[in-house]
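A.B. asks: Provided herewith is a single structure, encoded as structure tokens, for subsequent inquiry.
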Amino acid sequence: MTETELIPALANAPMIQATTQPRLFLAGSLVAQQLLGSQDAELLALSEYAQYLRYMSLATTRELWADAQSGFGNALNTYYAVQELARSGAAGIVLNDQCYPAHSQGQAQPVSPVEFFGKLRAARDALADEPITLVAELDGWATYGTDGLQERTAQAYKTGADLVLLGHCDDLELASLPAALWQAGLAIFHTSKGQKVSELLKNKFKAVLDLDYFQQPQLKNELVGRQQ
């Protein structure tokens with residue numbers, strides 16, 4: 001994966017067709033909005049999300065990253081969930097450290113390191129030798145702080161993550177990141193509440209998963225045209 005890669009988050013086939021980015025993220029919150037009219041990703045069952053992922057994988061030959069949320073349960077649930085997402089066409093798996101069920105609104109409540117890295121190890125084992133990117137999403141920064149973030153980042157790579165993704169963070173928190181974390185090759189979620197993507201790309205993030213990619217005026221216009 002190239003440096004500071006932009007990965008659009010999307011929810012449907014017209015969105016896939018409206019961008020040429022090589023990697024795309026099928027965000028659980030956007031899929032829930034598409035299917036249920038609510039951005040609460042926790043409302044989607046694994047079977048519903050996996051089936052939808054299969055449909056989207058038929059719409060493109062590019063990489064689709066799947067939203068494994070918090071593993072849909074405990075470590076054993078995570079193992080089987082990751083296998084199901086891999087069978088459904090995922091080229092990447094994003095697993096967060098929230099308490100189950102995960103949510104996309106409000107402050108995230110993280111699980112203990114023992115529980116999260118048990119799930120992450122289960123996800124790695126489920127993928128075996130398949131060439132699928134495993135992403136550890138750290139959402140609980142507000143709870144465990146910078147020291148905890150450094151510890152979880154280091155342990156995530158040791159446990160088998162290919163990339164560490166920062167979620168639920170703001171500009172002030174980003175400004176306080178120590179050099180050691182930048183050197184770890186982090187990725188970040190972007191939303192309208194934080195910095196602009198152009199500003200984030202000036203930093204040393206390895207990738208930006210942009211939840212508001214299709215809110216850009218020119219892309220919104222193109223998307224509307226494809227849906228008519």
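A.B. asks: Show that you can apply the helix-only estimate: for the chain, add -39,500 (n - 2.57) for every DSSP H stretch of four or more residues, divide by all residues, and state [θ] at 222 nm to the nearest 500.
C.D. replies: -12500 deg cm²/dmol
A.B. asks: Under a 1.4 Å probe, what is the accessible area of segment 1-148 per residue, stated in Å²? Could the numbers behind the result be given before it?
C.D. replies: Values: 6040 Å² over 148 residues.
Each residue of segment 1-148 exposes 41 Å² on average to a 1.4 Å probe.
A.B. asks: In debye, nearest 20, what is the charge dipole magnitude of the chain about its Cα centre with +1 on Lys and Arg Cβ and -1 on Asp and Glu Cβ, if you could check?
C.D. replies: With only Lys, Arg, Asp and Glu charged at Cβ, the dipole is about 400 debye.
A.B. asks: If we count every other residue with Cβ under 13 angstrom of L53's Cβ, Lys/Arg +1 and Asp/Glu -1, where does the sum land?
C.D. replies: Every neighbour counted, the sum reads -2.
A.B. asks: Quick one: pull the percent of accessible area on the chain belonging to carbon and sulfur, 1.4 Å probe, ligands and nucleic acids left out.
C.D. replies: Carbon and sulfur together cover 50 percent of it.
A.B. asks: Just reorder C169, C99 by solvent-accessible area, largest first, 1.4 Å probe, all chains present.
C.D. replies: Final ranking, largest accessible area leading: C99, C169.
A.B. asks: Out of all DSSP beta bridges in segment 1-137, what portion is antiparallel? Express it as a percent rounded to 5.
C.D. replies: 5
A.B. asks: Order H168, H190 by their accessible area, 1.4 angstrom probe, all chains in place, largest first.
C.D. replies: H168, H190
The values are calculated or read from the model by the stated rules, or taken from the named source; none is laboratory data. Here the structure is a predicted model, which means the values were calculated and not measured. For neighbour counting, all protein chains shown are included, and Cβ atoms are generated from backbone atoms with ideal geometry for every residue, glycine included. For accessibility, only protein heavy atoms count, side chains too; no ligands or nucleic acids. Shrake-Rupley method; radii C 1.70, N 1.55, O 1.52, S 1.80 Å.
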